[in-house]
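Notes for the one structure printed next.
The values are calculated or read from the model by the stated rules, or taken from the named source; none is laboratory data. Please read these numbers as outputs of a predicted model, since none were measured by experiment. Note that we place each Cβ from the backbone using ideal geometry, even for glycine, and neighbour counts take in every protein chain shown. To get the accessible areas, we keep the full protein, side chains included, count just its heavy atoms, and leave off ligands, DNA and RNA. Shrake-Rupley method; radii C 1.70, N 1.55, O 1.52, S 1.80 Å.
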Amino acid sequence: MGCSGNKSVKEKDNNQPSTNSAQVKTNQKIENKEQEQQIQNNQQVQEIQNKENNQKSENKQQSENKQQIENNQESKNEPTINKELLKDENIELLKFTSNSLDFKKLQLMELAEHNYLRSLHNAPPLILNEELNEMAQKYAETIAKKRVLQHSSHRELKGKKGEWVGENLFYSSSSGQLEYPGGDMSKAWYDEIHFYNFKTGKPKKSGDVVGHFTQLVWKDSKEVGFGIAFNGNECFGVANYYPGGNFNNLELEQVGNLIEVQSKSCKDLFQLESVLKRELDVINEYRKMHQVDSLELDRTLCNKATSHAEFMGKTGNYQVYEENGEWKNWTNWTKMNLIRGAVYKGGEGVKKWYKLLKDYDFNNKKAKDKTQSFYINMGVSLIWKRFTKVGFGYYFKEDNLFICALFDGLVTSPQNNYVFPPIC
């Protein structure tokens, strides 16, 4: 019995390792299954993430493609504007004040007047020299500040030491606000021709001043520069010339006699049909910028506009065009004082009217200053959606050009549906 019990205990002890080994195997299987499950779960998560990333990438690409298509469409829809056509041409004599001084335009006007007057004496045209412009402007400011009209003591170009630079001075004043018309000092200097004796090369009598005139038409002068400055209601002008004139008593050689010229006036140089075409091209370029349909040229409106331009030029009475006391056609007008010999190609009148839109409020569709509404509407008329036809008329009075434009309707209020801001 005892042995038997011991044996039983011993067998139990012998079997213990076998039981533990089976348990380990079972646990190992469970662990492997858990690992496999974890791997499967990770793979599923990765697949989901990949799908999400792919979807995001696909959505992003679709969005970029859509944006590109929209951009391309906008690019196709955006009109191409002929900016060269809309550039200003310097053909008009302007009036300058101390608050509205454009040196470049003034210099071009003086140069044009100089060269026209020189041509009357067979003198070659001058060209602008920037160093001379700076010299003239600096000295104009000096004498304006001092309010003394006296010649400068030292005038010399860089690299041309000892070479003579000529100088003309100009002065004008006004009891009110002074306006300086471009070209005036050139004309003032040339007026000394009345005191010049072409036979002797000297003034007609003692005390007469002719030096400004002789320098202006001095044949050997090649370059020029202009300056102007204001002091209150006084204006001081300077012109510098290279090579300078008025030396060695060479007037008889250098100052040519006044010749009879068959010069053509601005009116003679005016070509109506090409002017009308360009006028229409310019106005339609602006309409393109504001996304409204182009206008057609109407000959009946042209005839009416011509009659009205002549009326305004002869009477000086600027008013809208009426038929039988009724206003049916919106009327634009302007007067241009052309530089002598300038060619009016067309479009400059339209450009002047368009510039009035700087004072137009496109957000609220009205003039910024209510008191200026009528004149600003001359700019509005150019881009008024309801208009389909336009006519232009012209009238010359010496070198003054009166321009009139008539449209097939009226600019009205409110303007919400007929005026649009520029897209470029």
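Determine which single condition Thr371 fails, assuming it passes every other condition in (1) of a type in the set (Val, Ile, Thr); (2) modelled with pLDDT of 95 or more; (3) more than 24 Å from the chain's Cα centre (by Cα).
Every listed condition holds for Thr371 apart from (2).
Quick one: would you say Leu410 is modelled with pLDDT of 95 or more, within 22 Å of Met312 (Cβ to Cβ) and crowded, with 23+ Cβ neighbours inside 10 Å?
It is false that Leu410 is modelled with pLDDT of 95 or more, within 22 Å of Met312 (Cβ to Cβ) and crowded, with 23+ Cβ neighbours inside 10 Å.
So which residues in the range 356-394 are open to solvent by 40 Å² or more (accessible area, probe 1.4 Å), assigned to a helix (DSSP H, G or I) and either in contact with a helix residue (DSSP H, G or I) (Cβ under 7 Å, 6 or more places away or on another chain) or hydrophobic (A, V, I, L, M, F, W, C) (or both), if there are any at all?
Selection gives Leu356, Asp359, Gln372, Phe374, Tyr375.
Would you confirm whether or not the range 308-321 contains a residue that is of a type outside the set (A, V, I, L, M, F, W, C) and within 23 Å of Leu108 (Cβ to Cβ)?
Looking through the range 308-321, none of the residues is of a type outside the set (A, V, I, L, M, F, W, C) and within 23 Å of Leu108 (Cβ to Cβ).
How many residues, within the range 356-388, are over 15 Å from Glu285 (Cα atoms), charged (D, E, K, R) and touching a residue at least 40 places away in the same chain (Cβ under 8 Å)?
2
Report the residue count in the range 277-316 for those that are touching a Cys at 6+ places or on another chain (Cβ under 7 Å) and within 15 Å of Val390 (Cβ to Cβ).
Total satisfying the criteria: 3.
Considering the range 277-299 alone, what residues qualify as being assigned to a helix (DSSP H, G or I), over 14 Å from Thr80 (Cα atoms), open to solvent by 30 Å² or more (accessible area, probe 1.4 Å) and of a type in the set (D, E, K, R)?
Within the range 277-299, Lys277, Arg278, Arg299 meet the criteria.
For the range 323-355, how many residues are in contact (Cβ under 8 Å) with a residue 24 or more places away in the chain and outside any helix (DSSP H, G or I)?
Total meeting the criteria: 21.
Output the residues belonging to the range 124-147 that are at negative phi, assigned to a loop (DSSP other than H, G, I, E, B) and open to solvent by 60 Å² or more (accessible area, probe 1.4 Å).
Pro125
Does the range 159-187 hold any residues that are of a type in the set (Gly, Ala, Ser) and free of Cβ contacts under 8 Å to residues at least 24 places away in the same chain, and which are they?
Within the range 159-187, Gly159, Gly162 qualify.
Inspect all residues belonging to the range 222-236 and state whether any of them is assigned to a loop (DSSP other than H, G, I, E, B), modelled with pLDDT under 95 and surrounded by fewer than 21 Cβ atoms within 10 Å (Cβ to Cβ).
Yes, the range 222-236 contains a residue that is assigned to a loop (DSSP other than H, G, I, E, B), modelled with pLDDT under 95 and surrounded by fewer than 21 Cβ atoms within 10 Å (Cβ to Cβ).
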